[in-house]
Amino acid sequence: MGLRTNLLRRAVAVAVVALVATAAGAGGTARGASAAPAPEKITIAYQFGIGYAPLLIIKQQRLLEKAYPGLKVEWKQLASGTPITDGIIKGDIQIGAMGTGPMLVGWARGTNWKVIAPLDEADLWLMVRNPSIRTLDDLRGKRIATPTATSIQAVALRKMAEVKLGNARALDSSLISMDHPDGMQALLSGQIDAHFTSPPYQWLELGRGARALGKSYGYFGAHSFLVTVVTQAFYNQYTAFSNRYYKLIKQSIDMINKRPGVAAAILAREDATETTPAQFKRWIMRKKSLTFTTRPRGLMRTAGFMNKIGLLNKVPRSWRELVFPPVYPTKGS
Amino acid sequence: MATPSVAVPARPRGARLRWGRLPAWLRYLLLLAALVGIWQLYVVWRDPSPLLFSGPRDVAEAFWAGWKDGNLARVTWTTLKILGIGIGIGAVVALTLTAFAALSQIGEDLLRMLVAILNPLPGVAVLPLAILWFGLNTNALLFVIANAAAWPIAINLDTGFKTVNPTIVAVGRNIGLSSRRLVTDVLAPAALPYAISGLKTAWAFGWRTIIAAELVFGVAGAEGGLGTYINNAKLFLDIPRVFAGLVTIAILGLVFETLFGFLERRTIVRWGMKTST
Amino acid sequence: MPMSGSTQDVALRGGVGTLAGGRVLSVDRVRLGYWGSRGFHLAVEEASFDVAARERVIVIGQSGSGKSTLLKAVAGFLPPAGGTIAVAGRTNLAPGPDRAVVFQEFDQLFPWRNVLENVAYPLRVNRWRRRDAAARAREYLDLTGLSHAADRYPHELSGGMKQRVAIARALALEPVILLMDEPFGSLDAITRARLQRELHGILERTQTTLFFVTHSIDEALILGERVVVLHGLPSTVREIVDVRDVGPPDSPSYAEMRIHLRELLAIEGDDDGDA
């Protein structure tokens, strides 16, 4: 009786321990392993502009919520890219939409993020209004507005300066940072002399008497404009979710390219300004200067140039270092 | 001569340990070293992300690099220049208004009203308006700084003029001073402690305003100042450089405090006129 | 404090006395008051007296008797409401260095100037050249026993020394008439007595015309040649007493005069009239 009691007690003890361990382990597994299906809550941050269209379609159509019932998605539209970068570093934002410039800067500095889904390629125009400004040289000593100092526009301007003026830094003292709406207003009211901007602002300025002094495609070739990034840690933890997100972006881009009328209607519903669906349709069909695609282009060229002029302290050996696996098949550059 | 024996009083606090007996500069230096040491310990122990926080070594490197390639010097000079000119303009405005107030009731009323309306406006809040009026250039910044500086100076000067000892003014009139010389030779030096106090406040407000304004403005004049330098460093996620910029601001603060102290020692302290710390 | 050696010149220079009838100051039926919160307050109803060249006239009265107001009017800070004040024949005068004032307050010196500059500066204001002003200032600092303190700043001086500087400053201007408004009123009794003696000696040497206001009978007797007694509310000149022949403080004539003046001031009981 004594021996069996001891054995019994020991068996119960082991069973309890095993149960507890399983419970703890199960909980841990649910939290930590990469087999986890999706996060419970996610924050997606983006900025203003037609370039974010694929993301906006996902938002309006609630595609993520449909794919993952119970998922809480918080959408944040911010006036500039800086809080998006900060938010990702701090962990408040999981998916961030930004230009390739800030993406590269963050990547080089160890934010440990990569592109999960590029959004588009865009030809970015340097707009001027004053008829007496005819060449880049005329902009010396004047005021040129770009989005932040890390933006692809700021990089493109340096490239233009290098090609046309022989010195990438020649116009540095003329640069001011302004976000797109402020920059457009400043250009049209004459407060600044040039505005290096992006769609749709450059088109709006074109319609109001400004003209393009230079276009970024002419210096970098066709290149990516906006991308969405997540951190390596997020990707590791929610691989399936991330891959699904990439597919949804691709899906939205297909809709924009194949059914622009429908896409335009969705965008108009999403937009807070008075832009009409017809206007949106016109914009998304200006394929020459704005193309929605998940194929990244010109990343290596941009990174190389940024490194050359001291804006980037690290260059990737291949474009694949900058993106996650779903993007590999697009054969980017 | 026989010295009567007196009970020696207890040594003052801190002097029994060797700390209180060290010269002031050494005490501050040691305290500073201790703080830096704690900073380094924190970095080593907690290992915070380099995107959020930098340790003393990295900051020192970034600081040294910044001075060596001239960038920190250049941006510091840009900021100081604008600050100096802006405060100068503010001081002239303040002097004019205060002199007018000292000489007439309507001047006094005007001064009070302007101070009540304009003093509470934080400099950076005025900046968008200033840009609208003056354009996107240094003039807008100068206006903002002048506004931040003028009112503390005016308030202090006004008090200074009002609290001038009337006996001294009577002496001035007695020895035959004209009204103009009464202001320059009697009222002005008598009000100097307040003028310095106003200048110190104006400087402190001006500093905060210019750094904040540079961030809002995007660029200070043709090239960036210290605020822009820090903001840019942050944009490029170069946190050691951000800290280096902050350290520069701290050092500048110390330098100017020393300069002010020097000025005070040569004037109002020497004359026994210092009214407050 | 013993007077340091000064030149004979200082003693021979002194108050100017070249005027009609030898009168430096003429106060003729003067009426003085000022506007307060309750309307016009009359301080002096009527006062008339003269001061001759090199004479030392003391005005005494109780507190509030208008004696300081009278001095301010002579100095030019306050226009008379009636009557005339003539200094060296001129009336309607604004404040000026010909009627240099020594005030009661210690802080009548400029704190941002040292002792020498405090004395020299008023001279430069009156068009003296820097070197000459400094030389004259040093003379008078010698006279008042302050040569050793020439580099010090007022805040480093004792009350008595500050008043000496004020006296030196006023005398250096070699005014037509020296006005003093209870200059020793804020000093302790010992310093006060010492400064009274010093002032007496200095004035003997410089022969400066003096118009001195006080409420101390003893001060009046030590320093004065004639004493103008102000009495009443508003005040009038009750009597002008010649005290030239009064003996030293321990003499009977002194005691008698003291009682007389006390009566004139209508002081009751044991109150000796000093602050």
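The values are calculated or read from the model by the stated rules, or taken from the named source; none is laboratory data. Bear in mind that the values here come from a model prediction, so they are computed numbers and not experimental data. Here the Cβ positions follow ideal geometry from the backbone for every residue, glycine too, while neighbour counts run over all protein chains shown.
Here are the numbers:
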item	result
Any chance C:Thr208 is in contact with a strand residue (DSSP E or B) (Cβ under 7 Å, 6 or more places away or on another chain), touching a residue at least 12 places away in the same chain (Cβ under 8 Å) and more than 13 Å from chain B (Cβ to nearest Cβ)	yes
Qualifying residue in segment B:46-59 (condition: assigned to a helix (DSSP H, G or I), within 14 Å of chain A (Cβ to nearest Cβ) and either modelled with pLDDT under 90 or more than 27 Å from the chain's Cα centre (by Cα) (or both))	yes
Tally, over segment B:120-141, of residues that are more than 14 Å from every other protein chain (Cβ to nearest Cβ) and closer than 15 Å to B:Trp207 by Cβ	3
Residues satisfying the stated conditions in segment B:191-209, i.e. among the small types (Gly, Ala, Ser) and either surrounded by 22 or more Cβ atoms within 10 Å (Cβ to Cβ) or touching a residue at least 40 places away in the same chain (Cβ under 8 Å) (or both)	B:Ala191, B:Ala195, B:Ser197, B:Gly198, B:Ala202, B:Gly206
Filter result (in contact with an Asp or Glu (Cβ under 8 Å, 6 or more places away or on another chain) and either assigned to a helix (DSSP H, G or I) or within 14 Å of chain B (Cβ to nearest Cβ) (or both)) within segment A:131-144	A:Leu139, A:Lys142, A:Arg143, A:Ile144
Those residues of segment A:150-172 which are within 13 Å of another protein chain (Cβ to nearest Cβ) and either part of a loop (DSSP other than H, G, I, E, B) or touching a residue at least 24 places away in the same chain (Cβ under 8 Å) (or both), in sequence order	A:Thr150, A:Ser151, A:Ala154, A:Val155, A:Arg169, A:Leu171
Test set (1) outside any helix (DSSP H, G or I); (2) in contact with a helix residue (DSSP H, G or I) (Cβ under 6 Å, 6 or more places away or on another chain); (3) within 27 Å of C:Leu25 (Cα to Cα); (4) not aliphatic (A, V, I, L, M) - C:Arg136 fails condition number	(1)
Some residue of segment A:310-332 being within 28 Å of A:Trp203 (Cα to Cα) and either of a type outside the set (A, V, I, L, M, F, W, C) or in a loop (DSSP other than H, G, I, E, B) (or both)	yes
Number of the exception - B:Asp185 against (1) touching a residue at least 24 places away in the same chain (Cβ under 8 Å); (2) crowded, with 16+ Cβ neighbours inside 10 Å; (3) within 14 Å of chain C (Cβ to nearest Cβ); (4) assigned to a helix (DSSP H, G or I)	(1)
Any chance B:Leu103 is buried (at least 20 other Cβ atoms within 10 Å of the Cβ) and closer than 13 Å to B:Phe161 by Cβ	no
Test for B:Phe63: is it more than 14 Å from chain A (Cβ to nearest Cβ), out of contact with any Pro (no Cβ under 6 Å at 6 or more places or on another chain), in contact (Cβ under 8 Å) with a residue 60 or more places away in the chain and surrounded by 12 or more Cβ atoms within 10 Å (Cβ to Cβ)	yes
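A quick yes/no check of all residues on (1) surrounded by 14 or more Cβ atoms within 10 Å (Cβ to Cβ); (2) hydrophobic (A, V, I, L, M, F, W, C); (3) without any contact (Cβ under 8 Å) to a residue 24 or more places away in the chain:
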| residue | (1), (2), (3) |
| --- | --- |
| B:Lys81 | yes, no, yes |
| B:Ile89 | yes, yes, no |
| B:Val92 | no, yes, yes |
| B:Thr98 | yes, no, no |
| B:Leu118 | yes, yes, no |
